[in-house]
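Visitor: Below are the structure tokens for one structure; questions will follow.
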Amino acid sequence: MLPFASPEQFMLASDVYRHAADAMLAGEDLYAVSPPRLPGYNFIYPPIVILLFVPHALVDSALAAYAIQFLLNVACGIGSTVIVARALQRRGLTLGRIDWALLVAFVLVSAHSAITLANGQVTIPLGFAIALGLDALDRNRDAAAGTAFATAALVKVFPAAIGLWLLRRRAWRGVAAAIATGLGGLALGALILGPEVTVTYVQDVLLGRLEGETYDGAPAPDQSVGGAQRQLAALTGLGSSVLGIAAVLVVAPVLVALYRQVDTDARRQAAVLGTILCVLLAIPLQRLYMLLFAFPLLVLLYTLPSSRARTVLILGALVSFVRVSYELAVTTVEGLPLPAVATETTLAMLDSLFTVALPTTLGMWLMLAGCVLVHYGSVPGRDPAEKLR
């Protein structure tokens, strides 16, 4: 439906990748070009990543480039499903057809994946890389885990924060592999494309995005950016220059609490899920990257016994699927046969609610609360990790 409801979103990312790769092949600045229909949309990944999109340029068609990205997304989505299923089978769970269908649906046809499939984005491959890394840690293959996490971080910088879990696990081989992969990728990009391209990426793209303002005063209710920065801007009036730091300070104590005890499989998965949630809540564009937490969330939902923690996690997951925009909510209320006073009151409530948080963000906070309950609440039953020993 998205290609018809929001045609400007269809093939948006894959078209950007195609034009950037075409510029690179022509010896032009790959960070300066935009598709004619999308002025202002530019390539934002490290130089080495552009090599992945050379096939997009070679087909010389926006639709064909999108088809390549779509097939890649589907393949990576199926790969993530297999990895999660394998992790559940290691924990003694036998999956039926309905279970397989649910896993595939979560990764490929849920509200989390719809936007990335329509855009031709790289979120699903990033989720696949994160799942590969977590699966490797599950099997005590630390170096492979570090390589997988660093590969995701080479595309989008923020997955590097998942390295905190490597540090907590004292997976020093994983840390070394992650550093080597990250630095090696940047060095290879400089070697193949020239050091000036890397300088442009660091100065104009990376630092430029870090310095960019997210909010100017209180957020507008129809603004699509969520996360802790939105709540802080709405509730405290903090300036954009300190919102990022403040958001980190808000989520950091939760992460410290989750890292205190990781002596059971449930607590380890909750700590991983909490790590990803804290990272996504601290950055502005968290709604685009929610598939990154598929592995730990699905493992927890399948392995946790009936408990308050599992209930909160399920509720949070369901709320995180909600993609109701402010405009749609307002249009719906205005179309209801309500008295004028009730309509005005409801619209005022919607304005206040959407100013503070988006529904998806509320779902993420609920899931983070569920992670805390896994650690400090009462979770009955045997630890599924016993099957891994």
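Read-outs: derived from the displayed coordinates by stated rules, not from any lab. As the structure is a prediction and not an experimental result, all values here were calculated from the model.
Visitor: Stokes-Einstein diffusion coefficient for the stretch 276-382 at 25 °C in a medium of 0.890 mPa s, Rh from the Kirkwood formula over Cα pairs: what value in µm²/s? The partial results should precede the final answer.
Guide: Working: Rh = 15.5 Å.
It diffuses with D of about 158 µm²/s by this estimate.
Visitor: For the chain, what does -39500 (n - 2.57) per DSSP helix run (n ≥ 4), summed and divided by total residues, give at 222 nm, in deg cm²/dmol to the nearest 500?
Guide: After summing the helix terms and dividing by the residues of the chain, the value is -20500 deg cm²/dmol.
Visitor: So, one more: Roughly how far apart, in whole Å, are the Cα centres of the stretch 32-78 and the stretch 148-179?
Guide: One Cα centre to the other: 25 Å.
Visitor: A further question on this structure: What would the Debye equation give as log₁₀ I(q)/I(0) for the chain at q = 0.07, 0.08 Å⁻¹, counting only Cα atoms as equal point scatterers?
Guide: Values returned for q = 0.07, 0.08 Å⁻¹ are -0.33, -0.44.
Visitor: Let me ask something else. Note down the relative contact order for the chain as a percent, whole number, built from C-alpha pairs under 8 angstrom at least six residues apart.
Guide: Once normalised by length, the contact order is 17 percent.
Visitor: Give the relative contact order (percent, whole number) for the stretch 213-389; include only Cα pairs under 8 Å separated by 6+ residues.
Guide: 33 percent
Visitor: Something else: Can you classify the stretch 1-135 as rounded, prolate or oblate using the Cα gyration tensor, where a ≥ b ≥ c are the square roots of its eigenvalues, rounded means a/c under 1.5, and otherwise it's prolate if a/b beats b/c and oblate if not?
Guide: Numbers: a/c = 3.01, a/b = 1.90, b/c = 1.58.
Note, shape of the stretch 1-135 comes out prolate.
Visitor: What whole-number distance in Å separates the alpha-carbon centres of the stretch 257-300 and the stretch 313-337?
Guide: 24 Å
Visitor: Now, a different point. Please express the shape of the stretch 73-221 as an equivalent ellipsoid: the semi-axes are the square roots of 5 times the eigenvalues of the C-alpha gyration tensor, given largest first in whole angstrom.
Guide: The three semi-axes for the stretch 73-221 are 30, 23, 15 Å.
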